[in-house]
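Let me begin by presenting the structure, written as C-alpha cells, before commenting on it.
The values are calculated or read from the model by the stated rules, or taken from the named source; none is laboratory data. In this text, all values refer to a predicted model and were calculated from it rather than measured experimentally. Note: ideal-geometry Cβ built from the backbone for every residue, glycine included; neighbour counts use all protein chains shown. We work out accessible area using only protein heavy atoms, side chains counted, and drop any ligands, DNA or RNA first. Shrake-Rupley method; radii C 1.70, N 1.55, O 1.52, S 1.80 Å.
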Amino acid sequence: MTIFQIDSFFQKFSPALHVIIEPHPDVLQHIRETQWYDKPGVKILEGKWQQLVGSDEMKNFGGFDIVYTDTFSEDYDGADNGSCTRVITDNVP
C-alpha cells in the first residue's frame, strides 16, 4: 500500500501532534499493522471528517497549524465549490 506517503513526510518534521482521520476499515487495519497508532505524537480518529469536524474531540486539540485533506474517495457533485474548505475553516480551531 502506498497510503500515508504525505503522513510519512509530515512525520519527518517531528510534529508535536499529528491527527489522522480515517473512516475506511481496510485502511484502519493497515494503520494498525504498520503501528501508526504507536507513533509519538500521532492521534488516529476513526470516522469521517464530516462527522468529527466541530466535535468536542476535535475542539479539545486546541487548534491546528495546518489542515491537509485528501478527498480521493469523496463523492462531490461539483455544485458547491469550496464547501469542503468552508466546512473546515468554519469548524476546526
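What the table shows:
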quantity	calculated
Boolean, Phe10 is part of a helix (DSSP H, G or I) and of a type outside the set (S, T, N, Q)	yes
Evaluation of Lys48 against (1) surrounded by 13 or more Cβ atoms within 10 Å (Cβ to Cβ); (2) at pLDDT 90 or above (one fails), failing number	(2)
Selected residue (criterion: modelled with the lowest pLDDT) from residues of the range 1-26 that are surrounded by fewer than 16 Cβ atoms within 10 Å (Cβ to Cβ) and farther than 16 Å from Asp65 by Cβ	Met1
Only listed residue being more than 27 Å from Asp90 (Cα to Cα), in contact with a helix residue (DSSP H, G or I) (Cβ under 8 Å, 6 or more places away or on another chain) and either part of a loop (DSSP other than H, G, I, E, B) or of a type outside the set (Lys, Arg) (or both), chosen from Ile21, Ile31	Ile31
Residue within the range 56-78 that is more than 13 Å from the chain's Cα centre (by Cα), open to solvent by 100 Å² or more (accessible area, probe 1.4 Å), within 22 Å of Gln5 (Cα to Cα) and at pLDDT 85 or above present	no
